Amino acid sequence: MQTLDNPNLTNTPAFDTTIHRRKTRPVQVGDITIGGGNPVVVQSMINEDTLDIDGSVAAIRRLHEIGCEIVRVTVPSMAHAKALAEIKQKLADTYQTVPLVADVHHNGMKIALEVAKHVDKVRINPGLYVFEKPKSDRTEYTETEFTEIGDKIRSTLEPLVISLRDQGKAMRIGVNHGSLSERMLFTYGDTPEGMVESALEFIKICASLDFYNIVLSLKASRVPVMLAAYRLMVQRMNELGMEYPLHLGVTEAGDGEYGRIKSTAGIGTLLAQGIGDTIRVSLTESPEKEIPVCYSILQALGLRKTMVEYVACPSCGRTLFNLEEVLHKVREATKHLTGLDIAVMGCIVNGPGEMADADYGYVGKQPGYISLYRGREEIKKVPEDRGVEELINLIKSDDRWVEPE
């Protein structure tokens with residue numbers, strides 16, 4: 001039996017804590033690659049009117065500067081689509097190129113064909129791309145009606161697929177639970193199965209045209225529906241031998257603490273199962289507020305390392321200093337040291353054990369004194385009022401300190 005690397009432990013199974021990500025094909029979006037084993041990509045969307053060239057450029061730049069790797073914009077009209085040419089050029093002239101995705105809805109073939117010239121990826125919604133006006137008296141779809149609409153979808157989608165294929169660009173087939181087509185609703189109901197079949201219909205058209213630069217999303221505002229849809233999509237792709245990367249998100253998650261928890265519950269659950277290649281947290285707040293949540297989810301799961309990882313106990317009657325205050329001081333002094341793990345523990349009971357994986361530890365071992373650790377090794381004991389200063393000195397002595405900007 002395989003055992004842990006500790007001579008004091010025998011016959012203890014070694015559990016693999018690594019998240020093994022689902023194998024997916026790489027899809028290039030500008031200079032960013034989604035899937036293919038690459039790091040999970042962070043996305044967001046500006047809320048400026050795309051006709052506002054300067055405002056859109058500024059919004060895209062703000063997002064990109066704080067770590068958003070792909071930025072989405074909406075294109076509700078032909079004028080908006082053409083404006084993207086100016087936005088792209090102005091970004092290149094005043095900042096740098098940024099991978100851009102255009103959102104196309106409602107009978108959007110002409111708009112999509114225009115915008116495909118200017119962006120790196122086009123997102124279409126199968127429920128709206130060929131809009132079916134609902135009939136209030138409908139009781140069923142005949143096989144003929146089903147086929148006719150399928151043929152219309154193909155004829156409408158084909159020019160866009162060919163354009164993206166020939167330019168080496170990408171498409172996101174973005175299904176939303178709240179906007180399934182009437183035909184899918186009648187056939188499968190308002191279900192994850194309907195979402196998956198809607199995506200598969202478009203995927204098969206793309207594949208018949210030798211186009212595979214596809215990213216899929218199956219978003220819902222209810223986390224259980226979202227989870228079921230993505231899991232079923234993976235199951236169906238496995239059955240069909242498909243390896244398309246997945247874009248994860250809980251749509252219309254809301255704002256504040258609950259919006260963040262809701263997004264984390266959906267996105268984090270799937271990522272922990274190895275499902276997902278790019279994410280967007282959808283908050284009813286400024287887009288810049290979404291990026292820290294994305295990185296926190298990825299960091300917590302060990303999928304990206306973008307900040308210092310702080311390990312801190314919740315405090316109890318054994319705590320020998322004001323833990324909340326000290327954690328704040330340590331964080332303020334060291335938060336720029338991306339890649340380090342730092343533990344702040346209130347007492348010796350939990351300290352060395354709970355912080356065993358940390359690079360450095362700050363532990364209350366006796367009243368008025370702080371014990372500083374490098375990994376599992378206690379390095380020195382210092383007066384409490386010099387604790388943060390001496391922690392910095394320890395990091396400097398290991399040549400792992402950088403001055404904050």
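The values are calculated or read from the model by the stated rules, or taken from the named source; none is laboratory data. In this text the structure is predicted, and so the values were computed from the model without any measurement. We place every Cβ from the backbone using ideal geometry, glycine too, and count neighbours over all the protein chains shown.
If you take the residues of segment 167-181 that are touching a helix residue (DSSP H, G or I) at 6+ places or on another chain (Cβ under 9 Å) and not in a strand (DSSP E or B), which of them is surrounded by the most Cβ atoms within 10 Å (Cβ to Cβ)?
Restricting to residues being touching a helix residue (DSSP H, G or I) at 6+ places or on another chain (Cβ under 9 Å) and not in a strand (DSSP E or B), the top hit is Leu180.
Just to be sure I understand, how many residues within segment 252-274 are of a type outside the set (Ser, Thr, Tyr) and surrounded by 21 or more Cβ atoms within 10 Å (Cβ to Cβ)?
7
Residues in segment 175-185: is at least one at pLDDT 95 or above and out of contact with any strand residue (DSSP E or B) (no Cβ under 7 Å at 6 or more places or on another chain)?
There is no residue in segment 175-185 that is at pLDDT 95 or above and out of contact with any strand residue (DSSP E or B) (no Cβ under 7 Å at 6 or more places or on another chain).
Tell me whether segment 131-139 contains one or more residues that are out of contact with any helix residue (DSSP H, G or I) (no Cβ under 7 Å at 6 or more places or on another chain), under 18 Å from Asp31 (Cβ atoms) and among the small types (Gly, Ala, Ser).
Checked segment 131-139: no residue is out of contact with any helix residue (DSSP H, G or I) (no Cβ under 7 Å at 6 or more places or on another chain), under 18 Å from Asp31 (Cβ atoms) and among the small types (Gly, Ala, Ser).
Checking the condition touching a strand residue (DSSP E or B) at 6+ places or on another chain (Cβ under 6 Å), in the same structural domain as Arg172 (by TED's automatic domain parsing) and at pLDDT 95 or above, which residue from Leu51, Leu91, Leu63, Leu84 passes?
That would be Leu63, the only listed residue that is touching a strand residue (DSSP E or B) at 6+ places or on another chain (Cβ under 6 Å), in the same structural domain as Arg172 (by TED's automatic domain parsing) and at pLDDT 95 or above.
Got a sec? Which of Ser208, Ser282, Ser221, Ser286 is crowded, with 20+ Cβ neighbours inside 10 Å and of a type in the set (Ser, Thr, Tyr)?
Exactly one of Ser208, Ser282, Ser221, Ser286 is crowded, with 20+ Cβ neighbours inside 10 Å and of a type in the set (Ser, Thr, Tyr), namely Ser282.
From the set of residues in segment 112-165 that are among the charged types (D, E, K, R), part of a helix (DSSP H, G or I) and over 27 Å from the mean Cα position of the chain (by Cα), which is surrounded by the fewest Cβ atoms within 10 Å (Cβ to Cβ)?
Checked segment 112-165; the qualifying residue surrounded by the fewest Cβ atoms within 10 Å (Cβ to Cβ) is Glu143.
For segment 178-201, how many residues are within 23 Å of the chain's Cα centre (by Cα) and in contact (Cβ under 8 Å) with a residue 60 or more places away in the chain?
3
Working only within segment 27-47, note down all residues that are surrounded by fewer than 22 Cβ atoms within 10 Å (Cβ to Cβ) and either in a strand (DSSP E or B) or free of Cβ contacts under 8 Å to residues at least 24 places away in the same chain (or both).
Gln28, Ile32, Thr33, Gly37, Met45
Results for (1) of a type in the set (A, V, I, L, M); (2) touching a residue at least 60 places away in the same chain (Cβ under 8 Å); (3) closer than 24 Å to Ala112 by Cα, shown as yes or no for each residue.
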| position | (1), (2), (3) |
| --- | --- |
| Pro126 | no, yes, yes |
| Ser136 | no, no, no |
| Tyr141 | no, no, no |
| Thr144 | no, no, no |
| Ile153 | yes, no, yes |
| Thr156 | no, no, yes |
| Ile162 | yes, no, yes |
| Gln167 | no, no, yes |
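Report, by residue number, each residue of segment 242-251 that is surrounded by fewer than 22 Cβ atoms within 10 Å (Cβ to Cβ) and under 15 Å from the mean Cα position of the chain (by Cα).
Thr251
If Ile66 meets every condition in (1) among the hydrophobic types (A, V, I, L, M, F, W, C); (2) crowded, with 17+ Cβ neighbours inside 10 Å; (3) in contact (Cβ under 8 Å) with a residue 60 or more places away in the chain apart from one, which number is that one?
(2)
So which residues in segment 19-63 are among the hydroxyl-bearing types (Ser, Thr, Tyr) and within 16 Å of the chain's Cα centre (by Cα)?
Listed by number, the residues that qualify are Thr24, Thr33, Ser44.
Within segment 361-405, can you find the residues that are basic (Lys, Arg) and over 17 Å from Thr334 (Cα atoms)?
Residues satisfying the conditions are Lys365, Arg376, Lys380, Lys381.
For segment 350-384, which positions are modelled with pLDDT under 90 and either of a type in the set (Val, Ile, Thr) or part of a helix (DSSP H, G or I) (or both)?
Those that are modelled with pLDDT under 90 and either of a type in the set (Val, Ile, Thr) or part of a helix (DSSP H, G or I) (or both): Gly351, Pro352, Gly353, Glu354, Val363, Ile370, Glu384.
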